[in-house]
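Down below is the structure, laid out as structure tokens.
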């Protein structure tokens, strides 16, 4: 593992810096927006704007790369990202922030595609699993670290936005200085939603609903914290706890995924998410119980993303996994657009604690739907499933596709090894 990290350390360093800047801005939107008097509904629209841009970037960035190359696309999108972060405190209007969030979502999606392409090119078939795992850890640590940086400044000033812009700007140095241009990735047309649903009802519906839960967590948690009277530092720790839970529970849930019926595990994890969300609702703002609820809820959310990917791949031929990966990322993005809107409008009409109630309801719907799916289709034998790899929701289709290919190859190698031993 050490040798693998030495080969890609500069790329991973750049990714951590990108996530530090992007993670800071995501929470800052809720903090500064509340200070400026934006309503929950307005902040929900602003949050959703990021995912509208993200989906657009996922579709258009491969075409841009094919036309002008990885380096130019990466540099251009990075420049716009840095400029956009500085612009937030200059124009404190909901409509302007929505436009900026759409732009940032578009740019960050393209940045992820390019960075992940370089990372994938730098790894071999033997090291790809470890490289992807290191990439997912680097992304999560960057988001967690970003919340710590928020404690160093005042959200009512421009300092933190400038700091986020600086981090994103300097993140390009280690990446560009270590990565050589690679041929543009082949543009694989995402699988149609109808075909994706036919291949895996639970995977398609589940990942759509999960997109709403995840986007609500990263976009509306700071808004919720502000409305119940938490300090900025407490809000930052609250948001970080969601991702700390994801980091802590990713491996144990992944291990279970390779040793039991994945539909039963999806049901169990969704039940845990439902209970923890209800617990968050009942805390009445007590801080430490809130952190416990956030840790468990976040720990259920990100692993579910990888679970749905793995479960869907179990129903597909290897040749269809690339197209399915694009379809699943797109489906997740659609859910991420609608999730914050529903949570924001509910918080506007019912109160701040609707943040937890909406997540509990969505987790419960996925749990019930997984039970229904168990009655409609025979389970795939554990011996025939693909290997689990902890892909996180902030990854682009490039990492998801690479993870799917790796898991298929790894599972096939394990099956061949077992046959040889017998």
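The values are calculated or read from the model by the stated rules, or taken from the named source; none is laboratory data. All values derive from a computational prediction rather than experimental measurement. Cβ atoms come from the backbone with ideal geometry, glycine included; neighbour counts cover every protein chain shown.
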Here the residues within the range 210-231 that are assigned to a helix (DSSP H, G or I) and surrounded by fewer than 22 Cβ atoms within 10 Å (Cβ to Cβ) are 227
Which of the residues spanning the range 256-274 are assigned to a helix (DSSP H, G or I) and touching a residue at least 60 places away in the same chain (Cβ under 8 Å)?
257, 262, 263, 264, 266, 267, 270, 271, 273, 274
Considering every residue within the range 105-126, establish whether at least one is surrounded by fewer than 19 Cβ atoms within 10 Å (Cβ to Cβ) and touching a helix residue (DSSP H, G or I) at 6+ places or on another chain (Cβ under 6 Å).
no
In the range 343-368, how many are in contact with a helix residue (DSSP H, G or I) (Cβ under 7 Å, 6 or more places away or on another chain) and surrounded by fewer than 18 Cβ atoms within 10 Å (Cβ to Cβ)?
4
Answer yes or no: is there a residue in the range 92-102 that is within 25 Å of residue 170 (Cα to Cα) and in contact (Cβ under 8 Å) with a residue 60 or more places away in the chain.
yes
I need the full set of residues from the range 284-299 which are over 13 Å from the mean Cα position of the chain (by Cα) and either in contact (Cβ under 8 Å) with a residue 60 or more places away in the chain or not in a helix (DSSP H, G or I) (or both), in order please.
284, 285, 286, 293, 294, 297
With respect to residue 204, is the statement that it is farther than 27 Å from residue 107 by Cα and either crowded, with 24+ Cβ neighbours inside 10 Å or at pLDDT 90 or above (or both) true?
no
Taking the options 297, 331, 318, 301, name whichever one is more than 16 Å from residue 269 (Cβ to Cβ) and at pLDDT 85 or above.
331
Given (1) within 19 Å of the chain's Cα centre (by Cα); (2) over 19 Å from residue 149 (Cβ atoms); (3) in contact (Cβ under 8 Å) with a residue 60 or more places away in the chain, residue 61 misses just (3)
Of these, 11, 55, 77, 20, which one is crowded, with 17+ Cβ neighbours inside 10 Å and within 23 Å of residue 236 (Cβ to Cβ)?
20
Consider residue 413 carefully, then state whether it is more than 26 Å from residue 140 (Cβ to Cβ) and either in a loop (DSSP other than H, G, I, E, B) or modelled with pLDDT under 75 (or both).
yes
What residue, among those in the range 33-59 that are out of contact with any helix residue (DSSP H, G or I) (no Cβ under 7 Å at 6 or more places or on another chain) and in a helix (DSSP H, G or I), is farthest from residue 154 (Cα to Cα)?
59
Condition met for residue 191 (in a loop (DSSP other than H, G, I, E, B) and surrounded by 19 or more Cβ atoms within 10 Å (Cβ to Cβ)):
yes
